[in-house]
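Here is the structure we will look at, set down as structure tokens.
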Amino acid sequence: MGWRFLSKLIFWGILQQDAFDKVDCASPIERQEYMLNIVIDICDKEYNFSGFAEVGPYFKKVINVLKQMNYALFKSDDFFKEEKELEKLLAESQVAVEA
Amino acid sequence: MSTKAFQKIYTKISQITKATISLHATGVGNDELALVNGKLAQVVKLMGDEITLQVFGGTEGIPTNAEVTFIGKSPTLNVSDNLAGRFFDAFGNPIDGGPKVEGTEVEIGGPSVNPVRRKQPSELIATGIAGIDLNNTLVSGQKIPFFTDPDQPYNEVMANVALRAKADKIILGGMGLTNDDYLYYKQVFDNAGALDRIVSFVSTTDHPPVTRLLVPDMALCAAEYFAVQKNESVLVLLTDMTLYADSLSIVSNRMDQIPSKDSMPGSLYSDLAKIYEKAVQFPAGGSITIIAVTTLSGGDITHAIPDNTGYITEGQLFLRRDTDIGKVIVDPFRSLSRLKQLVIGDKTREDHPQVMNAAIRLFADAANAKTKMENGFDLTDYDERSLNFAKDYSDKLLAIDVNVGIDEMLDTGWNLFGKHFKREEVSIKQELVEKYWPAN
């Protein structure tokens, strides 16, 4: 699987912080753990792509949803809305074997 | 500066170097001015009764029995509102053919303002140049240099900044300007009808190099008058600080000082800090903002002058020629205004920080794509689009010929995002995307 995309995922989803944003400028340890678990799960999954060209744009979408989660107040309505969005997105490209 | 009655005249010079002379004298103060054979000089070193003077005009033709008289004071400037609209040399004498300025005589080079009397800078200074206002917003009371190659049009940029900035007074300190540059500034200020709010102190290449040393102190002395006495916001433009530092090294190396890195004096940091630390925001509303030009030799930022400057100033602005569009741009990767976070999104529109960051991130993606292209790799659709975006972004926002308001810069940014990218690729906060994403 494309490690390049996963490293980007970890960078933009976990490591990158927006110091100019009121919410994202500080991330408590519970929130970090929650987000890290999500990102690790994404990394562990098997994906089903029909070609290499699909992978980049797909993970761009995933990264965008993760960033939107980072911008939302932790466990707020917006936060869970984005999380639903993420689950939907992940279900799209998942190998069927996944429970 | 003529001699007075019963004044001591010294006639025994013990040593002459290219820029300095030494003699034995008593009752002399540091920084005091003197006349050596009619040439103006300044005390730069005292050791017992042995005094070293730097002679501004150079020491050629000074005989060992030259007459030396001490004037009894350090360089001064007469400050009053009549300074506005005038051009002076490094000694504060008019060079525009006008009369001498009457006013309170103030010694130049005084101490900088006590930190407890300062206020945290918080007022934005708009320049109309998007590479500055959008990506590296300037704040009143800030000190920031332009790092630029000598062949970049930095004097034009400075003149533009001077004319567009909403400052009450603009003080130009020109060091080692060519006569053409001097006339350029004069003509630009004249044509814009802005002369009444501009004061200029200029030491051109026709003047002895050592006179440059007085220019920043003269300019800042005038700036302090307007900022302290009149509570005005004053913008000080210093060009070129590299030539100033070169003059410092001429004087110190001709004395017995051991040169430091790049043959600069060991006191370079303090000498520069003495100038830059005059930037200040007063609680009463007055402010001094310093924008200086530091030319780099061969783009080398590890040279002693830019290196020391970088430790003092609050960020730096880099000029670079973008070969893709053939224009000079403010390089977004190497430029930084450290005080921008005090105003962006706060004094400007809410989407400012996000648009700024997203645009630079996409510009960085384009730089990666360019490397891929140059090394013969296949480009993805995204790479192609980011390259096209980078060209538009350089042309419409980073180029120094841009002159628009900040809201318009942000709208331009959104339009470029909409033209080249999908929403999820720009990855800006959802509520801002919904509000500002272009309709089509």
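The values are calculated or read from the model by the stated rules, or taken from the named source; none is laboratory data. The shown structure was predicted, so the numbers you read here are calculated from the model rather than taken from an experiment. Cβ: placed from backbone, ideal geometry, glycine included. Neighbour counts: every protein chain shown. Ligands, DNA and RNA are stripped out before the accessible areas are found, and what is left, the full protein with its side chains, is counted by its heavy atoms. Shrake-Rupley method; radii C 1.70, N 1.55, O 1.52, S 1.80 Å.
Data for the structure
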item	result
For residue B:260, residues with placed amide H under 5 Å, excluding near neighbours	B:266
Selected from B:194, B:93, B:259, residue furthest toward positive end of dipole (segment B:76-342; charges at beta carbon)	B:194
Farthest toward positive dipole pole in the protein assembly as shown [+1 Lys/Arg, -1 Asp/Glu at C-beta], among A:62, B:367, B:29	B:29
Percentage, to the nearest whole number, of Cα pairs in segment B:78-162 over 22 Å apart	54 percent
Rh (Kirkwood; distinct C-alpha pairs) - segment B:215-260, Å	12.6 Å
0 to 90° range, to nearest 10: angle between helix B:179-191 axis and chain B longest Cα axis	60 degrees
Heavy-atom accessible surface that B and A bury in contact, both chains counted, 1.4 Å, Å² to 100	1200 Å²
Beta bridges by DSSP in segment B:76-342, antiparallel share as percent, to the nearest 5	35 percent
The protein assembly as shown: C-alpha pair distances exceeding 37 Å, %	43 percent
Buried on assembly, segment A:64-86 (at least 30 Å² less accessible surface than by itself, 1.4 Å probe)	A:64, A:67, A:68, A:71
Rh by Kirkwood over Cα pairs, then Stokes-Einstein D for segment B:13-70 at 1.002 mPa s and 20 °C, µm²/s	197 µm²/s
Vicinal HN-Hα couplings computed from phi for segment B:148-161 (Karplus, 6.51 cos²θ - 1.76 cosθ + 1.60; Hz; Gly/Pro x)	8, 6, x, 8, 7, x, 5, 5, 5, 4, 4, 4, 4, 4
³J(HN,Hα), Karplus 6.51/-1.76/1.60, whole Hz, each residue of segment B:140-147, x for Gly, Pro	4, x, 8, 10, 8, x, 8, 8
Per-residue average of Cβ from other chains inside 10 Å of B:374-385	1
Degrees between helix B:215-224 axis and first principal axis of chain B (Cα, 0 to 90, nearest 10)	70 degrees
Principal semi-axes in Å for segment B:352-436 [√(5λ), Cα gyration tensor, largest first]	23, 16, 9
Surface per residue (accessible, 1.4 Å probe) for the protein assembly as shown, Å²	45 Å²
Heavy-atom accessible area order for A:12, A:3, B:414, largest first, 1.4 Å probe	A:3, A:12, B:414
Whole-Hz couplings from phi, Karplus 6.51/-1.76/1.60, listed for segment B:317-327; x for Gly and Pro	10, 10, 9, 8, 8, 8, 5, 5, 10, x, 10
Candidate lysines - alpha carbon under 21 Å from residue B:372, same-chain residues fewer than 8 apart omitted	A:8, A:60, B:391
Average partner coverage of B:424-433, which counts Cβ from other chains inside 10 Å	6
Assigned charges on the beta-carbon of Lys, Arg, Asp, Glu; segment B:145-289 dipole about Cα centre (debye)	440 debye
For segment B:266-398, alpha-carbon Rg and Dmax in angstrom	18.5, 60
Cα-only Debye scattering, segment A:3-92: base-10 log of I(q)/I(0) at q = 0.11, 0.13, 0.22 Å⁻¹	-0.30, -0.41, -1.14
At R0 = 25 Å, FRET efficiency that the Cβ-Cβ distance of residue B:107 and residue B:8 yields, to 0.05	0.70
Relative contact order computed over chain B (Cα-Cα under 8 Å; 6+ residues apart), in percent	17 percent
Along principal axes, Cα extents of chain B, largest first, whole Å	85, 48, 41
Carbon and sulfur %, accessible surface of the protein assembly as shown computed with the full protein complex present, 1.4 Å	51 percent
For segment B:18-63 and segment B:116-139, distance of Cα centres in Å	42 Å
Aspartates and glutamates with Cα under 16 Å of residue B:347, excluding same-chain neighbours fewer than 8 positions away	A:21, B:123, B:133, B:407, B:408
Among B:167, B:284, B:308 the positive-end extreme of the charge dipole of the protein assembly as shown (Cβ point charges)	B:284
Size of charge dipole - chain B - debye, nearest 20, with Cβ of Lys, Arg +1 and Asp, Glu -1, no other charges	900 debye
Computed over segment B:121-264, the ratio Rg/Rh where both radii use C-alpha atoms and Rh is Kirkwood	0.99
Distant-in-sequence amide H partners of residue B:67 (H built 1.01 Å from N, under 5 Å)	B:37
Within-14-Å neighbourhood charge of residue B:52 [Cβ basis; K, R +1; D, E -1]	-2
Cβ-based net charge around residue B:23, under 10 Å, with every Lys or Arg adding one and every Asp or Glu removing one	-1
Sequence-distant residues sharing a close amide H with residue B:72 (under 5 Å, placed H)	B:33
Segment residue B:260-residue B:378, length gained on full extension (0.36 nm per residue, minus Cα span)	37.5 nm
Segment B:13-70, relative contact order in percent, only Cα pairs under 8 angstrom and at least six apart counted	39 percent
Estimated inter-spin distance, residue B:114 and residue B:229, nm [label 7 Å along Cα→Cβ]	2.2 nm
